[in-house]
Each structure stands twice: as structure tokens, then as C-alpha cells.
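Chemist: Please find one structure pasted underneath; my questions will follow.
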Amino acid sequence: MQLRSIGRERVIHATVTVPASRAAVWDAWTTDAGVRSFFAPDCTVDLVVMGTYELFFSPDADDGLRGGEGNVILAIEPKRMLSFTWNAPPSLPTVRDQRTSVVVRFRDLPNDRTQVTLTHSGWGEGAAWTKAYDYFVEAWAETVLPRLNERFVSGPVDWGAL
């Protein structure tokens, strides 16, 4: 996996190679069952532009504290690109109601593998924004993308075991 910044603008750019077809990896990001297999224990995905893209990391928490709530799909290029809004975790309330944007690209590689490239941008300035940025540098590179890979190596995440 690679992680880098682009120019002066704070941008998270992470890449992982997954041992699965592009269609299978696309489904992991764009269907409720797929999202639940690696990203979050519950979700609502409506795969249309401006459709819902909410991921609930704490599904039993009160509204506003469940995770990626209120996010929407910005653009779709089937099996090639997905873009959606994203918000900071509930622990950062001063920037939580703001939205950043995430673009996920999917590219075929030999031997039925897929390269997934994630770009997360739209960061503001100040201490709370820096905390949010740092949080997602770690979350994408050390949790989400490794779980995506592991989902295709060993099977779906067992959310009850975490």
C-alpha cells in the first residue's frame, strides 16, 4: 500500500492491490452486503448520483454518533470510479458537519487482481481539521484498505469479534 500527499493541498492518496476481480471489488464498495463485508457493520447504500452512502461503525449509537452519516454519492463510473462525501468522526464535532470528498478508482491488474486507489480531499485549516486529516490518514491506510484486502484473502470481517 502507498500513501502520499499531493502538492501543498492536503490530500490522502492510498493504493492497495486486492486479489479479486474488479467486479467483485466494485461490489464490495457499492452494495450493502459488500460494505458490510469489510468497511462497516451496517450501512445504507443507494447507488445513484446523490444517493445515500452512509456507513454505520456504531449502528446502535444515537443518530449523529453512528459513523459516516449524511453522506451521498457524488459520481459513478460503473466498475471504474466511485465518489462520495465523507465526514469527520463524532469525536471531532467542530468539523463533523462539514464534508470532504473521497474518490475510489478500480483498475484491472493481471492474474485477476484489482488496484484500488483512494483519494480523500477537501480539508479545511486549523487544529480540528488537522486532527480529522490525521485520523483518516491512519484509518484508510491501516484499517479500511487492509480490511478490503483481507476480505478477499480470508473472508468477510466478523464484526462481532472486533
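Chemist: Using 0.36 nm per residue, how much length does the chain from Met81 to Ser58 gain when fully extended, once their Cα-Cα distance is taken away? Walk me through the numbers before you get to the answer.
Modeler: On the way: separation 23, 0.36 × 23 = 8.28 nm, distance 2.69 nm.
Full extension from Met81 to Ser58 adds 5.6 nm.
Chemist: 7 Å from Cα along Cα→Cβ at both Trp159 and Arg107: what's the point-to-point distance in nm?
Modeler: Inter-label distance under the simple model: 3.2 nm.
Chemist: Rounded, prolate or oblate, given the Cα gyration tensor of the stretch 76-162, with a/c below 1.5 counting as rounded?
Modeler: Details: a/c = 2.53, a/b = 1.52, b/c = 1.67.
It comes out oblate by the Cα gyration axes.
Chemist: Can I ask one more? Please report, in debye to the nearest 20, how large the charge dipole of the chain is about its Cα centre when each Lys and Arg carries +1 at its beta carbon and each Asp and Glu carries -1 there. Present the calculation step by step, with values, prior to reporting the outcome.
Modeler: On the way: 16 positive and 20 negative charges, 140 e Å.
Value, rounded to 20: 680 debye.
Chemist: Between Glu138, Glu77, Glu125, find the one with the highest GNM mean-square fluctuation for the chain; connect C-alpha pairs within less than 10 Å.
Modeler: Of the options given, Glu125 has the highest mean-square fluctuation.
Chemist: Could you state the number of Å between the C-alpha centres of the stretch 101-121 and the stretch 60-94?
Modeler: If we compute the Cα centre of each part, the gap is 18 Å.
Chemist: Using each residue's phi in the stretch 92-109, evaluate 6.51 cos²θ - 1.76 cosθ + 1.60 at θ = phi - 60° and report the 3J(HN,Hα) Karplus result to the nearest Hz, with x for Gly and Pro.
Modeler: 10, x, 6, 10, 4, 6, 7, 10, 9, 10, 10, 10, 10, 10, 10, 9, 5, 10
Chemist: Under the rule of -39500 (n - 2.57) per DSSP H run of 4 or more residues, summed and divided by the residues of the chain, what mean residue ellipticity at 222 nm is obtained, to the nearest 500 deg cm²/dmol? Walk me through the intermediate numbers first.
Modeler: Details: 5 runs with 40 residues, N = 162.
That calculation yields -6500 deg cm²/dmol at 222 nm.
Chemist: Over the alpha-carbon set of the chain, work out the extent along each principal axis and list the three values in angstrom, largest first.
Modeler: Taking the Cα atoms of the chain, the three principal extents are 45, 40, 31 Å.
Rule-based calculations on the coordinates, nothing more; no lab input. Model, not experiment: these values are computed from the prediction. Counting neighbours? That spans all protein chains shown, and the Cβs are built from the backbone with ideal geometry, glycine included.
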